[in-house]
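Visitor: One structure, as structure tokens, below. Some questions next.
The values are calculated or read from the model by the stated rules, or taken from the named source; none is laboratory data. Please read these numbers as outputs of a predicted model, since none were measured by experiment. Here the Cβ positions follow ideal geometry from the backbone for every residue, glycine too, while neighbour counts run over all protein chains shown. The protein model used for the area step is the full one, side chains on, heavy atoms only, and it has no ligands, DNA or RNA in it. Shrake-Rupley method; radii C 1.70, N 1.55, O 1.52, S 1.80 Å.
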Amino acid sequence: MRGVCVVASFAATLVLQGCGSGKSPSPSPSPGPSPSPSPSPTPAPGHCSDALLESGCAEGSCKADSSCECVPGKRSNGHGGCMAEGSTVNLEFHVYRVASKEYNDIGNDNVASARGILNYLHTQVVQAGCQPPSNTRPKGVDRVVRYKVTMHNTQQVYNTRQSQFGPFVAFSNGKCMDADCDGTAWTPYGYVVGCQSQRDTAYGVDAMWMSLPGSCPSKEFSGKTEACKLEQPGGECSSPTGSRTCTWTAEKDGEIMIDELEGITNYQAFCLAGNVEYDAAADKGTGCSFWDGVANKSAAEGRVDALEKLFESKFPNTTLAVPICDWDQVGAQEAIVA
């Protein structure tokens, strides 16, 4: 028996089968009479069109008359759909990051929505395969960590694009890597939380990355001096006010193991058995089907559902609504600095 996985109990079983045994499938039964053609699938109750999601409707909240519940930072426009609040406001939402056993708190870092972190895992982590000699994922990644963020960006952000989020910047090892971080972000808007959408993936319009500027964002973690921190205070503070140096705070709000999400019981044994979580060339795994179909929207929805249900099972009644990336309404850039 090659695999060491069980079916992921939190996945939508009609879409995902988790990481299974890797055995050959049982022979199909003899065919019977041809079934009648299946009717076209009916949208799930509460389903929102892409246009309504783009306006700010919360997924699963749309009604037949196009009315909906609006995501944080948006309000009803009175005739179906949502519109901007009129100013920046205090927002609370969850962000996610992948991590190894030992990790630092967030700050001068990029984090993602649930859909964004699944897309990152799918395209940057699991397809890299088991890393020798220890048979671990790249950089020892083994978990998804969730944080509750409270954000109140500056009014300058809203005045520019009627948005709650500001421009996204990429961080690497605690340093802003954009060509002109001061000129494009800090000087015109303050140390604001930025966003970058990933609308061209199967994970949908809520897939996005965010940037959280802490103190001394111009230097890597090892080079952040006290003088630099005073000169470049960043946006982290205990209670965001919307000032240029007080735009966000975050607290850890749970974590789950990637093995449990996929249904793997022992990752090292999984690797030693010759299994693979996801092979990009084949668009499927070996001994594991959780990640099969990177462009399959139904499968992606199943993975999102699995992640959200696993967090909810461990941390009940903690789910927060997801805001939209209203700064970046024109498609996503692909480059994310790991």
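One line per residue, one yes/no per condition, for (1) open to solvent by less than 70 Å² (accessible area, probe 1.4 Å); (2) under 16 Å from VAL126 (Cβ atoms):
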residue	(1), (2)
CYS228	yes, no
GLY234	yes, no
GLY242	yes, no
ALA250	yes, no
ASP253	yes, no
ILE264	yes, yes
ASN275	yes, yes
ALA281	no, yes
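Visitor: Right, here's the next one. Could you tell me which residue of region 168-186 is farthest from HIS122 (Cα to Cα), considering only residues that are touching an Asp or Glu at 6+ places or on another chain (Cβ under 9 Å), of a type outside the set (D, E, K, R) and open to solvent by 20 Å² or more (accessible area, probe 1.4 Å)?
Guide: So, considering only residues that are touching an Asp or Glu at 6+ places or on another chain (Cβ under 9 Å), of a type outside the set (D, E, K, R) and open to solvent by 20 Å² or more (accessible area, probe 1.4 Å), the one farthest from HIS122 (Cα to Cα) is THR184.
Visitor: Applying the selection to region 133-157, what residues are over 20 Å from the mean Cα position of the chain (by Cα) and either surrounded by fewer than 22 Cβ atoms within 10 Å (Cβ to Cβ) or assigned to a strand (DSSP E or B) (or both)?
Guide: Once the filter is applied, which keeps residues that are over 20 Å from the mean Cα position of the chain (by Cα) and either surrounded by fewer than 22 Cβ atoms within 10 Å (Cβ to Cβ) or assigned to a strand (DSSP E or B) (or both), region 133-157 yields PRO133, SER134, ASN135, THR136, GLN155, GLN156.
Visitor: Give me a count of the residues in region 119-135 that are closer than 27 Å to ASP305 by Cβ and of a type outside the set (A, V, I, L, M, F, W, C).
Guide: If we filter region 119-135 for residues that are closer than 27 Å to ASP305 by Cβ, which is where we start, we get 119-130.
Checking the rest, the ones that are also of a type outside the set (A, V, I, L, M, F, W, C) come to 119-120, 122-124, 127, 129.
The qualifying residues number 7.
Visitor: Are any residues in region 98-108 over 16 Å from VAL126 (Cβ atoms) and either modelled with pLDDT of 95 or more or within 8 Å of the chain's Cα centre (by Cα) (or both), and if so, which ones?
Guide: To start, the set of residues in region 98-108 that are over 16 Å from VAL126 (Cβ atoms) comprises 101-108.
Answer for region 98-108, where residues must be over 16 Å from VAL126 (Cβ atoms) and either modelled with pLDDT of 95 or more or within 8 Å of the chain's Cα centre (by Cα) (or both): just ASN108.
Visitor: Determine whether region 242-253 contains at least one residue that is closer than 30 Å to GLU220 by Cα, of a type in the set (S, T, N, Q) and in a loop (DSSP other than H, G, I, E, B). Let's see the steps before the verdict.
Guide: Keep residues of region 242-253 that are closer than 30 Å to GLU220 by Cα, which gives 242-253.
Narrowing further to those that are of a type in the set (S, T, N, Q): 243, 245, 247, 249.
Checking the rest, the ones that are also in a loop (DSSP other than H, G, I, E, B) come to 245, 247.
Scanning region 242-253 turns up at least one residue that is closer than 30 Å to GLU220 by Cα, of a type in the set (S, T, N, Q) and in a loop (DSSP other than H, G, I, E, B).
Visitor: So VAL98 ticks every box in (1) open to solvent by 20 Å² or more (accessible area, probe 1.4 Å); (2) among the β-branched types (Val, Ile, Thr); (3) assigned to a loop (DSSP other than H, G, I, E, B) but one. Which box is left unticked?
Guide: Looking at each condition in turn, VAL98 falls short on (3).
Visitor: Kindly establish whether GLY285 is buried (at least 18 other Cβ atoms within 10 Å of the Cβ) and either touching an Asp or Glu at 6+ places or on another chain (Cβ under 9 Å) or free of Cβ contacts under 8 Å to residues at least 12 places away in the same chain (or both). Step through it out loud before you land on a result.
Guide: Working: buried (at least 18 other Cβ atoms within 10 Å of the Cβ): yes; either touching an Asp or Glu at 6+ places or on another chain (Cβ under 9 Å) or free of Cβ contacts under 8 Å to residues at least 12 places away in the same chain (or both): yes.
Judged against the criteria, GLY285 is a match.
Visitor: Okay, moving on. State which residue is least open to solvent (accessible area, probe 1.4 Å) when the search covers only region 67-85 and only residues that are in a loop (DSSP other than H, G, I, E, B), touching a residue at least 40 places away in the same chain (Cβ under 8 Å) and over 11 Å from LEU53 (Cα atoms).
Guide: Looking at residues that are in a loop (DSSP other than H, G, I, E, B), touching a residue at least 40 places away in the same chain (Cβ under 8 Å) and over 11 Å from LEU53 (Cα atoms), I get GLY73.
Visitor: Residues that are open to solvent by 20 Å² or more (accessible area, probe 1.4 Å) and in contact with a strand residue (DSSP E or B) (Cβ under 6 Å, 6 or more places away or on another chain): does region 293-309 have at least one?
Guide: Within region 293-309, the first condition is being open to solvent by 20 Å² or more (accessible area, probe 1.4 Å), and the residues that meet it are 294-298, 301, 305, 308-309.
From the residues that got through so far, the ones that are in contact with a strand residue (DSSP E or B) (Cβ under 6 Å, 6 or more places away or on another chain) too are none.
Within region 293-309, none of the residues are open to solvent by 20 Å² or more (accessible area, probe 1.4 Å) and in contact with a strand residue (DSSP E or B) (Cβ under 6 Å, 6 or more places away or on another chain).
Visitor: Given the options ASP200, ASP253, ASP259, name the one that is closer than 30 Å to PHE290 by Cα, of a type in the set (D, E, K, R), in contact with a helix residue (DSSP H, G or I) (Cβ under 7 Å, 6 or more places away or on another chain) and touching a residue at least 40 places away in the same chain (Cβ under 8 Å). Step through it out loud before you land on a result.
Guide: Numbers: ASP200 fails: in contact with a helix residue (DSSP H, G or I) (Cβ under 7 Å, 6 or more places away or on another chain); ASP253 fails: in contact with a helix residue (DSSP H, G or I) (Cβ under 7 Å, 6 or more places away or on another chain).
None of the other options fit; the residue is ASP259.
Visitor: If you don't mind, another one. Looking at region 102-124 only, could you name the residues that are assigned to a helix (DSSP H, G or I) and surrounded by fewer than 19 Cβ atoms within 10 Å (Cβ to Cβ)?
Guide: THR123, GLN124
Visitor: Within region 86-95, how many residues are open to solvent by less than 30 Å² (accessible area, probe 1.4 Å) and among the small types (Gly, Ala, Ser)?
Guide: Restricting attention to region 86-95, the residues satisfying the condition of being open to solvent by less than 30 Å² (accessible area, probe 1.4 Å) are 88, 91, 93-95.
Adding the requirement that they be among the small types (Gly, Ala, Ser) leaves none.
Result for region 86-95: 0.
Visitor: Just checking, how many residues over region 203-215 are closer than 25 Å to SER49 by Cβ and open to solvent by 10 Å² or more (accessible area, probe 1.4 Å)?
Guide: 4
Visitor: Looking at the structure I just gave you, is GLU59 at pLDDT 85 or above and open to solvent by 80 Å² or more (accessible area, probe 1.4 Å)?
Guide: On the way: at pLDDT 85 or above: no; open to solvent by 80 Å² or more (accessible area, probe 1.4 Å): yes.
Answer is no for this residue.
Visitor: For VAL192, indicate whether it is open to solvent by less than 10 Å² (accessible area, probe 1.4 Å), β-branched (Val, Ile, Thr), part of a loop (DSSP other than H, G, I, E, B) and in contact (Cβ under 8 Å) with a residue 24 or more places away in the chain. Don't jump to the end; show me each part of the working.
Guide: Working: open to solvent by less than 10 Å² (accessible area, probe 1.4 Å): yes; β-branched (Val, Ile, Thr): yes; part of a loop (DSSP other than H, G, I, E, B): yes; in contact (Cβ under 8 Å) with a residue 24 or more places away in the chain: yes.
Yes; evaluated as a whole, the condition is true for this residue.
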